[in-house]
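None of the figures in this text is laboratory data; all of them are computed from the coordinates on show. Given the structure is predicted, the values throughout are model-derived calculations rather than measurements. Cβ placement follows ideal geometry from the backbone for every residue including glycine, while neighbour counts extend to all protein chains displayed.
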2 protein chains.
Amino acid sequence: MDAAQVLIAGEWRKANSKKTFQAENPAAGQPLPTLFPISEWADCELALAAASKAAEELRRVEPKRVAAFLDGYAHNIESSAAQIVEAAHEETALPVSPRLKDVELPRTVNQLRQAAAAAREESWKRATLDTKLNIRSCFAPIGPVVVLGPNNFPFAFNGVSGGDFAAAIAAGNPVIAKAHPLHPNTSRLLAEEARKALSETGLPMATVQMIYQVSNEDGLRLMSDPRVGAIAFTGSRNVGLQLKQAAESVGTPIYLEMSSINPVIFLPGALEERGDQLATELTDSCLAGSGQFCTSPNLILLMESDQAESLLQKVADAFKERPAQPLLSSGGRKHLSEGVAALREAGAQLAVGGEVVDGPGYRYANTLLRATAKQFLSSPHALQREVFGNATLAVTATDAAELLDIIQLLEGNLTGSIYSARSGSDDVGYEQIAPALRRRVGRLLNDKMPTGVAVSPAMNHGGPYPSTSHPGFTAVGIPASIVRFAALHCYDGVRQERLPGVIKDKSSNPATWRSIDGAWVQG
Amino acid sequence: MDAAQVLIAGEWRKANSKKTFQAENPAAGQPLPTLFPISEWADCELALAAASKAAEELRRVEPKRVAAFLDGYAHNIESSAAQIVEAAHEETALPVSPRLKDVELPRTVNQLRQAAAAAREESWKRATLDTKLNIRSCFAPIGPVVVLGPNNFPFAFNGVSGGDFAAAIAAGNPVIAKAHPLHPNTSRLLAEEARKALSETGLPMATVQMIYQVSNEDGLRLMSDPRVGAIAFTGSRNVGLQLKQAAESVGTPIYLEMSSINPVIFLPGALEERGDQLATELTDSCLAGSGQFCTSPNLILLMESDQAESLLQKVADAFKERPAQPLLSSGGRKHLSEGVAALREAGAQLAVGGEVVDGPGYRYANTLLRATAKQFLSSPHALQREVFGNATLAVTATDAAELLDIIQLLEGNLTGSIYSARSGSDDVGYEQIAPALRRRVGRLLNDKMPTGVAVSPAMNHGGPYPSTSHPGFTAVGIPASIVRFAALHCYDGVRQERLPGVIKDKSSNPATWRSIDGAWVQG
C-alpha cells in the first residue's frame, strides 16, 4: 500500500520519505491500516520554498479575500463534517457526541469564522496614527508560520485547522502544518477542505501546506530555518523546550503552550455551602476528555476539614463509579502510568485508581491521589509534575498560611480557580491567596472549573513560564491571538498614496478601529 | 579613595566588590578619577530580593502614584540639569549644545512624563471586556525588570532614566538598572534624583536600584535568575546574543536592540532634483553624534550615475572638511578601526578617512567607503557588518535589478529610507523595491534620514532579527513600549468587587480606553 500523500505547494504529492507510521485506534487498541510518510528534509525544503513565495504573494492579497478563504474553509468542514468526525473518532476515541460532532467541530468553524471577521475588520492591526508628525504604524504579516498541534484536540487545535492556524492565516501568513501523528487521517481530510477553499477563493495554493511527521533532527532544522517567520506549538514541555531553543537560536518568535496543572482551590465556606455540587463539578471537569485537556484540574487545594474529606470521598466514589474512557494512545497511557508512579514516589497516596484497566483500548483507572501540604512543600517540584490524563492530586493544608506557602511555590500555569462562599465567609481567605495565585496564572477563575476555554476577545489561554514561553500572549481569543504572527511596521513621512489602506488619512476600511492621536475611532 | 556606592533597597551603600573601574574623559583621552565598583553576586542577590518585595508592594500601589513618581523624577532631573549635563559631557564628550542640554535631556524628561501620563490614563492595559460571558482581561506588571542601557545615550536610553526604564516603571514594575560603564557618574546622579522622587512620592524605595558593573558570569546569572520578570538591553550584537540565550534558557522575556546599519536608498530622480541638499542631509545624519546612533545610516544604496558620483563626492568633501568629533571611548575607536579594516578586507574601498586622528581624545577620521553591487552581492555578510561610529559604506548598483538583489540580502534593520523624486519619476522604482525593504525594517522612511526617533505612539524603534529579538515590539513609543513589561491577566467569572478597577463594569478611571464587546470606548 502506498503511503498517504503530503500537501505541498497546492498539490497532494508523494512524500520524500523512506519511513512510514500508522495511527492507532485507541478504543480498540489496534493500529489503523493507512501508512503515513515520515518526510525527509526534502519535503520541508519544498514546503519552505513554496511558503516563502506564498508569503510574498499574500502581502498583496486584500484582507477580504483572506477572510473569504477562512469562511470558505469553515463551510467546507461543515459540509464534510460526518466524514471528518468519523475519522477523528476512529483515531482519538473521543466521543462523537457530546464532543467531536457537537462541541469541537462547531467550535473550530466558529474560530475560523471569528478569524475571518477579524481579517475583514482589520482592527487587529492596531492602526496607530500620529497625524502631527506624520508617523503611522500597523501590524503586518510576519512570514511563513509553522504550526504544530497537540494530540488532544483533533480539530480545534489541529495545526491545519485550529486556533493557531486561524490566527496565522488571518494575519496574512501562509501556514506549514505538521499534523499530529495520532490523528493524521483527520488532518488529511481537513487539509483537503483547506485546499479546496484556497482553490475556490483564489489564494496562493501554498497558503496551506501539511506534512505528517519528520525526524527529530529535521524538526529542529525546520525550527531554525531563517525562512520561518514564527512558530506555534502545543504539546509537552520536553518537546517544547527543544523547539524553543532551536527557534530562539536564530531569533524566530516561537509561541509554546507546554504544560499546566491548573490548581483549583476550594475555600472552606464554599464546601460548607455546596460541597456536593462541587464534587460533581470537579469530577466532570477532571474526567472530561479523560482528563486530556491543557486546562484539566490536576491539582486540588483544600483546607483540612470534614467537608473537605466529604468532597474528596465523593470525588473518589465518582471516579470509581464512572467507567475509564479510552486514552488517546498507548504512549499516553504509559506516560500517565509513569506519572502516577512518580507522584507516589514523591509521597502522594492513592485514594482511588492508579492502575491500568483492561481493554478494549488504552484505559487507565480514574485516579485520585492525595498528599498533605507538608509533603507538597517538601517536594514541590516532583508533586507539580503534569500527569496528562484522568489523574488528579488533592493536597490538604492545615491552615491558610500553609495554603499560601503552596501557592507561592507553584510554577506558571494557564489557569487557577478559587471557589469561595457566596455568603462572604471566605472573603478574607480569598484576599490572602488571590494575589499570589493571580501572578502565577494566565486566567483566574471564580467558582468555575477551568476546562471550558471560550473563544472570546477577553480570553487568555496563556500564562507564565513554563505553561507558555511568554506571559503576554494568548493562543485563544481573537484578535489578540492574531498579533503573535505579525511584525510592527512603522511608516515615517511616507507619502499618502504609498501607505497601507488602514493607516491612510482616510481609512480604506470603515469598519477598522484605529488609534488616531491617542483616541480610538472607527470609520 | 573609596569607590562610589551602589543604590540597593533605597540606600546608597558600599558595594560587595573587590574590583573597581574608572570612566574615561573621551575628549581628553584620560581616565576620570572616581572609582566605581564591580559588584559581586552578593549585590545582585540583595537587589533581586529587594526588587521582588517591591514588585509585590507595587501591585497594590495606585497607578496615579506611579505616575507621580515619574513626573517627580522628571522634575528633579530638570532641577539638577546643569550638574547632570556636565557629568555626561565629561564622560561622553557629546556636545552640551545642541545635544545633551537642549535635545537629549528634554527628550528624556518628556519620555518620563509621557510614561507618567500613560500610567495615569491606564489605556496601555488594553482592558478588554466580554460582558456576555463575563470574561475580562488586562495587562498587569510582569515583575522586576533588569535594564541595561547602551553607551551612546547617557540620558534617553540610560538604564536608570531612559525609555525602557520609563516603560517598565509605568507598567508597575521595579527596575534594577545596570549603569553603562562609560557614564557611571551620570548614572549615579540620575539615580539619586530617582531615589529622591521615590521618597517624595512614597513608592517602595527598591522600585529603582542601580549597580555599575558585574562580571560576565554574574551578568549571565542575573539574566537567568527566576525572580527577574523581564529584561531590556540595548547594545552590541555579541553581548546581546549571550544575554538572550541566558534569559531564554529560563523562559524570561528579553527585549534586545542589537545592531542596525539603516540602509538609505537614493533613487535617481531624487538625486537629479535635489542632489546637493541630499548630500548635506546625509552628511549631517552620518556624523550626528559621531555616527554613534542606533539609527545612523551606515549603508547608502544608489544607482550608478553622474548624479550619484556628484553626491558621493560632496559627502566625501564634507566628511573631510568637518572635524572628527571625539568618540565615546578608546574601545569604541578600536572597534571602529577594526570595522573599517574588515570592510576593506571584504572589498570596500576608501573614499575618504579610514585612519585614527590625533587627539586630544579618541578621534577617528570621518570615513566614507565605497563598494560595487557586485562586491556586495558576493560578500553580503561581511559588507553588512555594523561599524559603529563615523563611517559609512556607499554601494552603487548598475541597474534596478541589482539594487533589488542587494535589498533582498539585507538582514533585519531598525530603519530603511527611500528618497524619491517629488515629480513622480521614481515611482516605478519605488514600487519595485519598497515591498522588499519594508519587511526587512521596523520603520520605513520617505525622503527623511533615520537618525531622528520621535517619541510618538506610532513610532517603531524595533525591527526584524537581528536588529532586535522580536519584530512585534518597539522600545520607543508610548504606550506600545510599556506592554513589553506586562503579563496578560484574564478574569473568568470573577466577582465584580474583586476585579481590577479598569475591568469592572464601571471603570474606576474615566480616562481609560477600553474594548467592550468589540468597541473601543472611553469613560
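Work through the residues other than A:Glu86 whose Cβ is under 15 Å from its Cβ and net out their charges, Lys, Arg +1 and Asp, Glu -1. Working shown, then result.
Working: positive: A:Arg99, A:Lys101, A:Arg188; negative: A:Glu78, A:Glu90, A:Glu91, A:Asp102, A:Glu104, A:Glu192, A:Glu193.
Charge balance in the 15 Å sphere: -4.
Grab the DSSP H runs of the protein assembly as shown that are 4 residues or longer, score each as -39,500 (n - 2.57), total them, divide by all residues and round the 222 nm result to the nearest 500 deg cm²/dmol. If you can, show how the numbers build up before the last one.
Working: 30 runs with 386 residues, N = 1046.
My calculation for the protein assembly as shown gives -11500 deg cm²/dmol from helical runs alone.
Looking at chain A, identify the longest residue range that excludes and avoids all trypsin sites (Lys or Arg not before Pro) in DSSP loops having at most 10 other Cβ atoms within 10 Å.
Numbers: sites that count: A:Arg60, A:Lys132, A:Lys506.
Between the exposed loop sites, the longest stretch runs A:133-505.
Mind checking which aspartates and glutamates have their Cα closer than 12 Å to the Cα of A:Lys19? Skip sequence neighbours fewer than 8 apart in that chain.
Here the aspartates and glutamates satisfying the reach criterion relative to A:Lys19 are A:Asp2, A:Glu40.
Over 21 Å between Cα atoms: which of A:Lys132/B:Lys314; B:Lys125/B:Lys504; A:Lys132/A:Lys506; A:Lys132/B:Lys125; B:Lys14/B:Lys244 fall into that group?
A:Lys132/B:Lys314; A:Lys132/B:Lys125; B:Lys14/B:Lys244
Add +1 for every Lys or Arg and -1 for every Asp or Glu among the other residues with Cβ under 13 Å from the Cβ of B:Ala191, and state the total. Don't jump to the answer; show the numbers that get you there.
Numbers: positive: B:Arg13, B:Lys178, B:Arg188, B:Arg195, B:Lys196; negative: B:Glu11, B:Glu192, B:Glu193.
Summing Lys/Arg as +1 and Asp/Glu as -1 gives +2.
Tell me the net charge near A:Pro63. Cut-off is 13 Å between Cβ atoms, A:Pro63 excluded, with +1 for each Lys or Arg and -1 for each Asp or Glu. Provide the component values of the computation, followed by the final result.
Values: positive: A:Arg59, A:Arg60, A:Lys64, A:Arg65, A:Arg120, A:Lys125; negative: A:Glu62, A:Asp71, A:Glu121, A:Glu122.
Computed value for this residue: +2.
Find how many whole Å separate the alpha carbon centroid of the stretch B:55-73 from the alpha carbon centroid of the stretch A:408-465.
25 Å
Which angle from 0 to 90°, rounded to the nearest 10, does the C-alpha axis of helix A:237-248 make with the longest principal axis of chain A?
30 degrees
Using alpha carbon centroids, what distance separates the stretch A:327-341 and the stretch B:186-201, in Å?
So the separation of the two Cα centres works out to 57 Å.
Before anything else, pin down the relative contact order of the stretch A:45-175: Cα pairs under 8 Å, at least 6 apart, normalised by residue count, whole percent. Don't skip to the answer; put the middle values down first.
Numbers: 161 pairs, mean separation 40.7, N = 131.
Rounded, it is 31 percent for the stretch A:45-175.
Which shape class, rounded, prolate or oblate, goes with the protein assembly as shown when its Cα gyration tensor gives a ≥ b ≥ c as root eigenvalues, a/c under 1.5 marks rounded, and past that a/b bigger than b/c marks prolate?
Details: a/c = 1.99, a/b = 1.36, b/c = 1.46.
In terms of gyration-tensor shape, oblate.
Using a ≥ b ≥ c from the Cα gyration tensor of the stretch B:1-139 (square roots of the eigenvalues), is it rounded, prolate or oblate, where a/c under 1.5 gives rounded and otherwise the larger of a/b and b/c decides, a/b for prolate? Walk me through the numbers on the way to the answer.
Details: a/c = 3.05, a/b = 1.54, b/c = 1.98.
It comes out oblate by the Cα gyration axes.
Explain nothing, just the number: relative contact order of the stretch A:9-97, from Cα pairs under 8 Å at least 6 residues apart, as a whole percent. Walk me through the numbers on the way to the answer.
Numbers: 65 pairs, mean separation 27.0, N = 89.
With pairs under 8 Å counted, the relative contact order is 30 percent.
On C-alpha positions alone, give me the angle between the axis of helix A:184-201 and the longest principal axis of chain A, in degrees, nearest 10.
30 degrees
Taking a ≥ b ≥ c as the square roots of the Cα gyration tensor eigenvalues, with a/c under 1.5 meaning rounded and otherwise prolate when a/b beats b/c, else oblate, which class fits chain B? Show your work: numbers first, answer last.
On the way: a/c = 2.09, a/b = 1.36, b/c = 1.54.
It comes out oblate by the Cα gyration axes.
Mind computing the radius of gyration and Dmax over the alpha-carbon atoms of the stretch B:354-479? Å is fine for both.
For the stretch B:354-479, the Cα radius of gyration and maximum Cα-Cα distance read 16.5, 50 Å.
Which whole number gives the average count of other chain Cβ atoms within 10 Å of the Cβ atoms across peptide B:480-487?
Whole-number average of other-chain Cβ neighbours for B:480-487 is 3.
Ordered shortest first, which distances in nm separate the 7 Å Cα→C-beta label point of A:Gly493 from those of the other copies?
For A:Gly493, the other copies' label points sit at 5.6 nm, shortest first.
Tilt of helix B:63-79 relative to the longest C-alpha principal axis of chain B, in degrees (0 to 90, nearest 10)?
For helix B:63-79, the angle is close to 50 degrees.
Write down the Å³ per residue value for the convex hull defined by the alpha carbon atoms of the stretch A:412-499.
Values: hull volume 12.9 nm³, N = 88.
Value for the stretch A:412-499: 147 Å³ per residue.
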